[in-house]
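The values are calculated or read from the model by the stated rules, or taken from the named source; none is laboratory data. Predicted, not measured: the structure shown is a model, and the values here were computed from it. Please note: Cβ atoms are built from the backbone with ideal geometry, for glycine as well, and neighbour counts cover all protein chains shown.
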Amino acid sequence: MAGLELKKLSKAYGNVEVLHDINLSIADGEFIVFVGPSGCGKSTLLRMIAGLEEITGGDLMIGGKLSNSLSPKQRNIAMVFQSYALYPQMTVAENMGFSLSLERRPKDEIARKVNEAAEALKLGPYLDRKPGQLSGGQRQRVAIGRAIVRQPQVFLLDEPLSNLDAALRSETRVEISELHQRMATTMIYVTHDQVEAMTMADRIVVLNGGYIEQVGSPMELYNKPASEFVAGFIGSPKMNFVKGRFADAVGAATLGVRPEHFVVGAGDDAWEGKVTLVERLGHDTILYVNVPEAGVLTVSLSGQHDQTVGDTVHLKPKMEFIHKFTNEGRPIAA
Ligand SMILES: Nc1ncnc2c1ncn2[C@@H]1O[C@H](COP(=O)(O)OP(=O)(O)OP(=O)(O)O)[C@@H](O)[C@H]1O
Ligand SMILES: [Mg+2]
């Protein structure tokens, strides 16, 4: 197990810099999630930590040791990818133990480690099957198991769940969180799914265009986003951004209101609009409301409500929860 220190890390391909001045301390045992839109540099940063991509500027410390020029193997890091490429002709047990057999470790040691990993990942019943006889979720767990048996100091996972359907994704998400709690190994997990980031991370690193936008716990990012970008990226459904008259009234260039921070049916100074769409999720009801001068706003109501398309509704933001931003997207303190 080890902590990591990223000091002014940068990456350039030729003369194009894709990661700039990345400073980050990761504590031993922490679950860190890199999140951000496609192309922001998540995978590149992860691959630089793994040793699969050259570091073109700055220092990478792993367990206090300068690691820029160490090989992936010397770094003692395991990586799980989105496409997990198991060996089809080998059993689950053979796939999981393969890296250890390459190192010619004793058979009983391999068997013990494979069995431990299989138990942690609930793969016990499938050890003798071939990958072709497993579901997508089970195969992804074998790929994780293959990483676990090596007992690395750090786990790196790059969108490991993106090939799974929604139900399996949330199930496997819970399993990875439980696994992390049990193993207490440092994990860095890349995703563009902010729900995965929010539910799994101790701390989230939001990347945008090769820069770190903000680092913080999920609730810090949700409650105190350091920029309009983070405010719009963290939270589902997304925060509403309103300009013009309503923003002027609170002294901001942009007023941000989360969908769950509206009261519907409030009095005089409420915003009047027409419902254009209703999504009934059972536990929540999402209204899309066209408010003149504000645009179509997303309103999330807890529980079941009977508004329908065409209804006129009155919305009032809960003032204690609003966000204000400058023209440059920086937050204005309340
Ligand atoms: N070999 C390369 N040569 C030149 N540019 C590259 C190379 N690999 C990646 N890039 C660029 O670096 C940037 C970051 O790419 P990266 O794969 O890290 O993004 P990402 O955040 O993982 O995106 P995604 O969510 O789509 O996986 C992109 O603009 C990409 O085009
Ligand atoms: Mg990527």
Filtered residue count, segment 190-217, keeping only those that are within 12 Å of ligand 1 (Cβ to nearest atom) and either outside any strand (DSSP E or B) or farther than 27 Å from GLU17 by Cβ (or both): 4
Scope segment 146-179; condition within 16 Å of ligand 2 (Cβ to nearest atom) and part of a loop (DSSP other than H, G, I, E, B); matching residues: GLU159, PRO160, LEU161, SER162, ASN163
Run down LEU46, LEU60 and say which single residue is away from ligand 2 (no atom under 11 Å from the Cβ), assigned by TED's automatic domain parsing to the domain that holds VAL80, modelled with pLDDT of 95 or more and crowded, with 21+ Cβ neighbours inside 10 Å. LEU60
Restricting segment 1-20 to residues that are surrounded by 13 or more Cβ atoms within 10 Å (Cβ to Cβ) and aliphatic (A, V, I, L, M), which is farthest from ligand 1 (Cβ to nearest atom)? MET1
Where residues in segment 36-62 are of a type in the set (A, V, I, L, M, F, W, C) and near ligand 1 (Cβ under 9 Å from one of its atoms), which of them is nearest to ILE234 (Cα to Cα)? CYS40
Reported set for segment 180-196 where residues are within 14 Å of ligand 2 (Cβ to nearest atom), surrounded by 19 or more Cβ atoms within 10 Å (Cβ to Cβ) and within 15 Å of LEU45 (Cβ to Cβ) is ILE188, TYR189, VAL190, THR191
Filtered residues of segment 160-189 (kept if within 16 Å of ligand 1 (Cβ to nearest atom) and over 18 Å from GLN138 (Cβ atoms)): ILE188, TYR189
When you go through (1) of a type outside the set (Phe, Trp, Tyr); (2) touching a helix residue (DSSP H, G or I) at 6+ places or on another chain (Cβ under 6 Å); (3) within 24 Å of THR186 (Cβ to Cβ) one by one for LYS113, which number turns out not to apply? (2)
Of all residues being surrounded by fewer than 17 Cβ atoms within 10 Å (Cβ to Cβ) and more than 13 Å from ligand 2 (Cβ to nearest atom) in segment 21-39, which is farthest from the chain's Cα centre (by Cα)? Just the residue, please. ASP21
Pair list, Cβ under 6 Å, 6 or more apart: segment 257-279 residue within 13 Å of VAL296 (Cβ to Cβ), other residue surrounded by 14 or more Cβ atoms within 10 Å (Cβ to Cβ) and among the small types (Gly, Ala, Ser): PRO259/SER300
Output the residues belonging to segment 122-137 that are in contact (Cβ under 8 Å) with a residue 24 or more places away in the chain and more than 21 Å from the chain's Cα centre (by Cα). LYS122, LEU123, TYR126, LEU127, ASP128, ARG129, LYS130, PRO131, GLY132, LEU134, SER135
Is there a residue being closer than 15 Å to PRO237 by Cβ and surrounded by 13 or more Cβ atoms within 10 Å (Cβ to Cβ) anywhere in segment 309-316? yes
